[in-house]
Amino acid sequence: VPRWFSNMDEMLAQTDVDMVLVITPIQHHFANAMTAIAAGKHVYVQKSMTATLDEAHALLAARDRAGIKLVAAPGFDLFPTTLHMREVVRSGVLGKIGFGYTYAWGFGHEHENVRNGTDPDSSLTNINPMWYYRKGAGPLPDVTIYSLQLATSILGPVRQVTALGNKLMPERKWRDETIQIELEDNAVLMMEFASGAIVTAWARDTSHSRRNPWGGLGLYGTHGSLEVTDVDGATGYPLAFNVFGGGGWGTHGQDVGDHTYTQPLTAQKYLQGEHLELEEGHLYVDIMELADATTEDRAPRASGEQARHVVEIIECAHKAIAFGQTQQLTTVF
């Protein structure tokens, strides 16, 4: 890296960049993105876009005033399999979706090779990952957000959310530091979508599954079901899904058969050649979407509006856990 800065204002004053990539701890997304927008820069914000709904409202208002483009991760609408699943649901072949589930999990950033010194080439080795356990972060906005983004990309907005959570590991350690956890390390969300579908999502950072595909999803309608059967571990993109219905026990309506649809990562136009070897190729895809949306002067498909809605789902889930009451959402996309 020929030039580096430890201060955003200094960087913006001394360079002539077109876009700023905000890839920091979640608690700093809002301030850094607002600084970049104030300087007239297009912005990419890693997930979750902000830590609170109020921040999300303010960020999108600043975007609109400045007339810049903003892309928010993770951009599931940028992968063809997501669009195909949405087409299947909207076609009505599954009937009316009544129930679904989706899940993703982590195990804490302090266990990553880049954090514990086992990756000698990493510049992240000495960066303290304990921000993950502070308010504004945790498994919901860092990991479960993939599940929420995928589910809303297919089913649309959520109407209300309830949730339960627990804290089984009140302390975490990294090197010689011990931190008191400020958030749940396990949570289960139940979301009612505007369509009437009820979908669960899991959040956890204590252990993971060896057999269920990370980022799995299942949707079950009156006529059939849709289940993700393969997920790319590096990007979280669904690679294959099965559609089943009709002609068997427990199904009603037309016979839609039993079909598995598969698309490789190369179905995404940006993931070609050497870019298939990227450790987290979905970041590259999101960033290229911002570049194309800027040069083509169009609205990004990984929209700030959907990201704001997901931020509200997460905020409502925390409130539901704290107060034991179902929370109504106020945003759509």
Restricting attention to the range 19-45, and to residues there that are more than 25 Å from the chain's Cα centre (by Cα) and in a loop (DSSP other than H, G, I, E, B), which single residue is surrounded by the fewest Cβ atoms within 10 Å (Cβ to Cβ)? Gly40
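Taking the conditions exactly as written (out of contact with any Asp or Glu (no Cβ under 8 Å at 6 or more places or on another chain), in the same structural domain as Gly98 (by TED's automatic domain parsing), over 16 Å from Phe333 (Cβ atoms) and modelled with pLDDT under 95), does Arg175 satisfy them or not? It would help to see each step written out before you state the result.
Details: out of contact with any Asp or Glu (no Cβ under 8 Å at 6 or more places or on another chain): yes; in the same structural domain as Gly98 (by TED's automatic domain parsing): yes; over 16 Å from Phe333 (Cβ atoms): yes; modelled with pLDDT under 95: yes.
Yes.
Hey, could you check the range 219-240 for residues that are charged (D, E, K, R) and part of a strand (DSSP E or B) and say which is farthest from Val199 (Cα to Cα)? Full working, then the answer.
If we filter the range 219-240 for residues that are charged (D, E, K, R), which is where we start, we get 227, 230, 232.
With part of a strand (DSSP E or B) added as a condition, the list becomes 227, 230.
Working: Glu227: 13, Asp230: 20 Å.
Here the answer is Asp230.
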Which of the residues that make up the range 186-219 are surrounded by fewer than 19 Cβ atoms within 10 Å (Cβ to Cβ), over 19 Å from Leu329 (Cα atoms) and over 18 Å from the mean Cα position of the chain (by Cα)? Thr206, Ser207, Ser209, Arg210, Arg211, Asn212
Within the range 287-312, of all residues that are without any contact (Cβ under 8 Å) to a residue 24 or more places away in the chain and closer than 14 Å to Lys269 by Cα, the one nearest to the chain's Cα centre (by Cα) is Met288
Scan the range 163-184 for residues that are surrounded by fewer than 24 Cβ atoms within 10 Å (Cβ to Cβ) and within 19 Å of the chain's Cα centre (by Cα) and jot them down. Leu183, Glu184
What residue, among those in the range 46-73 that are outside any strand (DSSP E or B) and among the β-branched types (Val, Ile, Thr), is surrounded by the most Cβ atoms within 10 Å (Cβ to Cβ)? Thr50
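Please enumerate the residues belonging to the range 272-289 that are in a loop (DSSP other than H, G, I, E, B) and out of contact with any Phe, Trp or Tyr (no Cβ under 9 Å at 6 or more places or on another chain). Break it down stepwise before answering.
Taking the range 272-289 and keeping what is in a loop (DSSP other than H, G, I, E, B), we get 272, 278-280.
Within the range 272-289, Gln272, Glu279, Glu280 meet the criteria.
Any chance you could count how many residues in the range 230-247 are more than 24 Å from Asp286 (Cα to Cα) and either surrounded by fewer than 18 Cβ atoms within 10 Å (Cβ to Cβ) or among the aromatic types (Phe, Trp, Tyr) (or both)?
First, pick out the residues of the range 230-247 that are more than 24 Å from Asp286 (Cα to Cα): 242-247.
Of the ones still in play, those that are also either surrounded by fewer than 18 Cβ atoms within 10 Å (Cβ to Cβ) or among the aromatic types (Phe, Trp, Tyr) (or both) are 242, 244, 246-247.
So the answer is 4.
Residues Gly117, Gly156: which one is modelled with pLDDT of 95 or more, on the phi > 0 side of the Ramachandran plot and surrounded by fewer than 21 Cβ atoms within 10 Å (Cβ to Cβ)?
Going through Gly117, Gly156 in turn, just one is modelled with pLDDT of 95 or more, on the phi > 0 side of the Ramachandran plot and surrounded by fewer than 21 Cβ atoms within 10 Å (Cβ to Cβ): Gly156.
Do you know which residues across the range 100-114 are of a type in the set (A, V, I, L, M, F, W, C) and in contact with a strand residue (DSSP E or B) (Cβ under 7 Å, 6 or more places away or on another chain)?
Result: Trp105, single match.
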Cβ pairs under 7 Å, 6+ apart or interchain, first in the range 185-197 and assigned by TED's automatic domain parsing to the domain that holds Glu315, second of a type in the set (S, T, N, Q), ordered by first then second residue, are Asp185/Thr206; Asn186/Asn166; Asn186/Thr206; Val188/Thr200; Leu189/Thr200; Met190/Thr162; Met190/Thr200; Glu192/Gln160
Which condition breaks for Leu276 when tested against (1) more than 18 Å from Val89 (Cβ to Cβ); (2) of a type in the set (A, V, I, L, M, F, W, C); (3) modelled with pLDDT of 95 or more? (3)
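Suppose we filter the range 198-218 for residues that are assigned to a loop (DSSP other than H, G, I, E, B) and in contact (Cβ under 8 Å) with a residue 60 or more places away in the chain; how many remain?
Just the residues of the range 198-218 that are assigned to a loop (DSSP other than H, G, I, E, B), to begin with: 205-216.
Now narrow it down to the ones that are in contact (Cβ under 8 Å) with a residue 60 or more places away in the chain: 205-209, 212, 214-216.
Result for the range 198-218: 9.
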Within the range 1-18, the residues that are touching a helix residue (DSSP H, G or I) at 6+ places or on another chain (Cβ under 9 Å) and not in a loop (DSSP other than H, G, I, E, B) are Met8, Asp9, Leu12
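The values are calculated or read from the model by the stated rules, or taken from the named source; none is laboratory data. This is a predicted model, so every value here is computed, not measured. Don't worry about glycine lacking a Cβ; one is built from the backbone with ideal geometry, like all the others, and counts go over all protein chains shown.
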